[in-house]
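Reviewing the structure listed below.
The values are calculated or read from the model by the stated rules, or taken from the named source; none is laboratory data. Only a predicted model underlies this, so the values are computations on that prediction, with no experimental measurement involved. Using ideal geometry, Cβ is built from the backbone for each residue, glycine included, and neighbour counts are taken over all protein chains shown. Remember, those area values only see protein heavy atoms, side chains included, never the ligands or the DNA or RNA. Shrake-Rupley method; radii C 1.70, N 1.55, O 1.52, S 1.80 Å.
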Amino acid sequence: MSIDANWITSPVDFKDAACTFRKEIPLKGRIKKAILRASAMGIYVPYINGERVGENVLAPGWTNYHKRVQYQTYDVTDILTENNTLEFSVGQGWAVGYIGFKGLHNVFADHTSLIAQLEILYADGEIEKIITDTTWDVYSSEVTFSEIYHGETVNKAASIEYMGKAILSEVNAKLIPQVGEFITEHERIIPTELIHTPKGETVLDFGQNMTGYVEVKTKGNKGDRIVFHHAEVLDKDGNFYNENYRSARNEITYILSGNDDTFKPKFSFQGFRYIKLIEYPFDKVDLNSFCAIVVHSDIKRTGNFRCGNEKINQLYHNIVWGQKSNFLDIPTDCPQRDERVGWTGDAQVFCRTAAINYDVEKFFKKWLGDVRLEQTDEGAVYGVVPACFGNKHTRISAAWGDAACIIPWQLYLAYGNKKILSENFDMMKKWVDYLHSAGPEEFLWLGGLHYGDWLAMDAGEDSFVGATANDLIASAFFAYSTSLLIKAGEVLEKDMEEYKKLYKCIVKRFREYFMENGMPKEELPHTEILTDEYNKPNDTVRKGITQTALVLILHFNLCNDEEKPLLVKMLVNLIEEFGDRMTTGFVGTPYIMHALSENGYTDIAYKLLFQEKNPSWLYSVCHGATTMWEHWNSIKEDGSFWSTGMNSFNHYAYGSVYDWIFNVCAGISPTEENPAYREINLAPHPCKELGFVEASIDSRNGKITSSWRYDGDSVHYEFNIPDGVTAHLTLPSGYTKELKSGKHTFKYPIK
Ligand code: BGC
């Protein structure tokens, strides 16, 4: 049904306070069905007769509101009574409030607006449509301040004022029905500890870093105030630390009514593990009155993993919580500081793991729609989608823009839905065409302003960008994206000859330019490097031989098969020279384990997995992490922090190692020929330090499990294969077998 309602707004400017739109609706008779549709420029919460409608929060979610905005549909048949008050609380949200670290606000709209339509089908067949228009009343709200980053003030002692009739508002965004998942509330976590810090602060620890907000149920005097700040970590002395939030205040103020009160924010959310009470009206802190509510897109859990090594189990837990924390309508980099935006690079790095842990098809379908809308006519895809910074503040960077090709392909592998490819094929093609003409050379991507091997460790402690030459990374991703485009085209039965030729030329030119005698060149030709505030420290460091360079060459097949043994040996040497550790950043890390395993060095990959010294996955685990950190060493050895400028404790990117754990430790991988796990390769790699592994995925073709455990002198394997799925089993002994549906067990002596 079309929406015939009008966009309305308040006759007075509420600035950063919310307001309420209200309409009385008497029913004309018995009803058969009633449907409410609504959306906002800002965030809205619907109520009928004082009861909240729907279980979703932070609606209508986040898109580029200049171009499109989702509306949500609620069946309210059972809620309506003879006389009804329909109400919407509306706050600023992403569309109107502050967004990003550039201090921008009003990015998409300079005031909040609401659109709603109640469609009533009466028992006698009559249809009535109640729409937002200038007959609606506007009131002030108990939410007297709200910003996504800065928090919310809920004043239940405030008197609610009538402000007049709504006025029409001009909104040009296209209204589309909800495409993605609803954002909903999940776990409820009560504080595990009340801490009095050395500085004398009163801090509540919820025991888990998360995204959501703190609900408080209490009763006090009218006007009493509870004010608190949030933090992800304590500092080395045990004091509250939130400097890494940068300008995001994350301040919650609850003002009591004098009766029983339940408070929680409606238009803001926080990333946190701790809260510090700034004002509290009672002598004794009642821990039971505080409850942290975890909020994320309503994605369904599909993957599970457990092993005999508690540190790896904690790492897996942190990866899953990194995903929960950053899948909030769009894939965000982090949930706490003045950022929380859809960095394309982070999303592509993590999407493979994401699609094992959860069913993310619908979630990414929505966001890929945003990416398509943000792609320029020339085919460029910028660093952040929705483009809330305005494109000039982000870069067209290799490994970030390549999300346009990588994510659709990974979703196809996970879910087997050709529609994902057909919907995104033009975007993939435009991206590859853009790269084809991006630089001074036709078959390489040279120059430009990239994020490089972001946060890699090989260009010095304080550098944001690693040492690997951007030209090499960019040209390698040019080849990789082209290869994925070709695969997608072939699935869709398109003629891909032109792109196959292009791919050959890219690989040939890559090898001439970056390699010599099958090895990468140390010294690379100089290309002009654009600089900005982040790129200055290491402009001079642009190497052709780094762990990341070798990983890309190996994993993206930019070398011949005969060259692989020497290349992987070189990679292993670099890892060993660095004390059995990685130097890789956002670009190399997602693939380093695969590059090793694919080339016979699973033992070295395991060494990296179990490494506890910085940089490593277990370093943060050993330092008490409950989510993934942005830097390998967000907390340094001496307990100090990396920097206040950029130090998130909830950044999912490095959690991408789970796809290797799943593919190699547990051994389950989908095949390209029969995606969605209809046909799988099953090649587990037992390892003593893991003791046992139990992994599963609820795939589109049923639940697959793979487990193994050491049993005396043998390894005992057990696999469960659902009906209709074929598994190609390869055990480390070399034994192979084709498995069909059912339970299969094997026992082999340890070699
Ligand atoms: C974000 C990253 C992002 C990067 C671009 C950061 O501020 O948090 O995760 O990918 O900028 O390099």
Next item on the list: Take region 111-124 and flag every residue that is open to solvent by less than 10 Å² (accessible area, probe 1.4 Å) and under 18 Å from residue 22 (Cα atoms).
Entry: 113, 114, 115, 116, 117, 118, 120
Notebook entry, point to check: Just one of 493, 512 is open to solvent by 60 Å² or more (accessible area, probe 1.4 Å), assigned to a helix (DSSP H, G or I) and modelled with pLDDT of 95 or more; which is it?
Noted result: 512
Item checked: Residues of region 639-658 that turn out to be open to solvent by less than 20 Å² (accessible area, probe 1.4 Å) and either more than 17 Å from residue 604 (Cα to Cα) or of a type in the set (Phe, Trp, Tyr) (or both), as a count -> 13
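Okay, residues lined up against (1) among the acidic types (Asp, Glu); (2) under 30 Å from residue 326 (Cα atoms):
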position	(1), (2)
673	yes, no
685	no, no
699	no, yes
704	no, yes
709	no, no
743	no, no
746	no, no
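Okay, residues lined up against (1) out of contact with any strand residue (DSSP E or B) (no Cβ under 8 Å at 6 or more places or on another chain); (2) over 23 Å from residue 322 (Cα atoms):
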site	(1), (2)
357	no, no
363	no, no
381	yes, yes
390	no, yes
413	no, no
433	yes, yes
438	yes, yes
453	no, no
Check: Before we move on, is residue 319 at pLDDT 95 or above, open to solvent by less than 20 Å² (accessible area, probe 1.4 Å) and either closer than 22 Å to residue 660 by Cβ or within 13 Å of the ligand (Cβ to nearest atom) (or both)?
Finding: yes
Notebook entry, point to check: Is it true that residue 669 is of a type in the set (Gly, Ala, Ser), assigned to a strand (DSSP E or B) and at pLDDT 95 or above?
Noted result: yes
Check: Within the group 101, 108, 182, 145, which residue is modelled with pLDDT under 95 and open to solvent by 30 Å² or more (accessible area, probe 1.4 Å)?
Finding: 101
Margin query: When you check residue 139 against the structure, is it crowded, with 16+ Cβ neighbours inside 10 Å, part of a loop (DSSP other than H, G, I, E, B) and touching a residue at least 24 places away in the same chain (Cβ under 8 Å), yes or no?
Written below: no
Next item on the list: Just give me the residues in region 227-260 being part of a strand (DSSP E or B) and open to solvent by 10 Å² or more (accessible area, probe 1.4 Å), in sequence order.
Entry: 229, 233, 234, 240, 241, 251, 255, 260
Item checked: Within region 81-140, considering residues that are within 16 Å of the ligand (Cβ to nearest atom) and among the hydrophobic types (A, V, I, L, M, F, W, C), the one nearest to residue 34 (Cα to Cα) -> 99
Notebook entry, point to check: (1) modelled with pLDDT of 95 or more; (2) in a loop (DSSP other than H, G, I, E, B): which one isn't true of residue 89, the others all being true?
Noted result: (2)
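Please go through region 389-413 and give me each residue that is away from the ligand (no atom under 13 Å from the Cβ) and either within 25 Å of residue 109 (Cα to Cα) or surrounded by fewer than 20 Cβ atoms within 10 Å (Cβ to Cβ) (or both), ordered by number.
390, 391, 392, 413
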Notebook entry, point to check: In region 299-329, what residues are acidic (Asp, Glu) and under 11 Å from the mean Cα position of the chain (by Cα)?
Noted result: 329
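Kindly indicate which of 689, 718 is in a helix (DSSP H, G or I), open to solvent by 30 Å² or more (accessible area, probe 1.4 Å) and among the charged types (D, E, K, R).
Testing whether each residue is in a helix (DSSP H, G or I), open to solvent by 30 Å² or more (accessible area, probe 1.4 Å) and among the charged types (D, E, K, R) leaves just 689.
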Notebook entry, point to check: If we scan region 466-489, do we find a residue that is part of a loop (DSSP other than H, G, I, E, B), open to solvent by less than 40 Å² (accessible area, probe 1.4 Å) and not aliphatic (A, V, I, L, M)?
Noted result: yes
Notebook entry, point to check: Which one is least open to solvent (accessible area, probe 1.4 Å), of the residues in region 349-382 that are out of contact with any Ser or Thr (no Cβ under 7 Å at 6 or more places or on another chain), of a type outside the set (A, V, I, L, M, F, W, C) and not in a helix (DSSP H, G or I)?
Noted result: 379
Next item on the list: Sort out which residues of region 24-52 are farther than 24 Å from residue 65 by Cβ and either aromatic (Phe, Trp, Tyr) or in contact (Cβ under 8 Å) with a residue 60 or more places away in the chain (or both), and write them in order of number.
Entry: 24, 25, 27, 28, 29, 30, 31, 32, 33, 34
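Across region 324-344, which residue is nearest to the ligand (Cβ to nearest atom) among those that are touching a Gly at 6+ places or on another chain (Cβ under 7 Å) and not in a loop (DSSP other than H, G, I, E, B)?
For region 324-344, the residue satisfying everything is 343.
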Next item on the list: Give me the pairs, please: first residue somewhere in region 107-132 and farther than 30 Å from residue 393 by Cα, second residue anywhere and aromatic (Phe, Trp, Tyr), beta-carbon distance under 6 Å, and either six or more positions apart or on two chains.
Entry: 115/7
Notebook entry, point to check: Restricting attention to region 18-63, which residues are part of a loop (DSSP other than H, G, I, E, B) and crowded, with 21+ Cβ neighbours inside 10 Å?
Noted result: 18, 42, 57, 58, 60, 61, 62, 63
Notebook entry, point to check: Which of (1) on the phi < 0 side of the Ramachandran plot; (2) touching a residue at least 12 places away in the same chain (Cβ under 8 Å); (3) open to solvent by 40 Å² or more (accessible area, probe 1.4 Å) does residue 283 not meet, given it meets every other one?
Noted result: (2)
Check: Within the set of pairs 6 or more residues apart or between chains, which connect a residue that is basic (Lys, Arg) inside region 319-337 to a residue that is within 15 Å of the ligand (Cβ to nearest atom) with Cβ atoms less than 6 Å apart?
Finding: 337/245; 337/246; 337/248
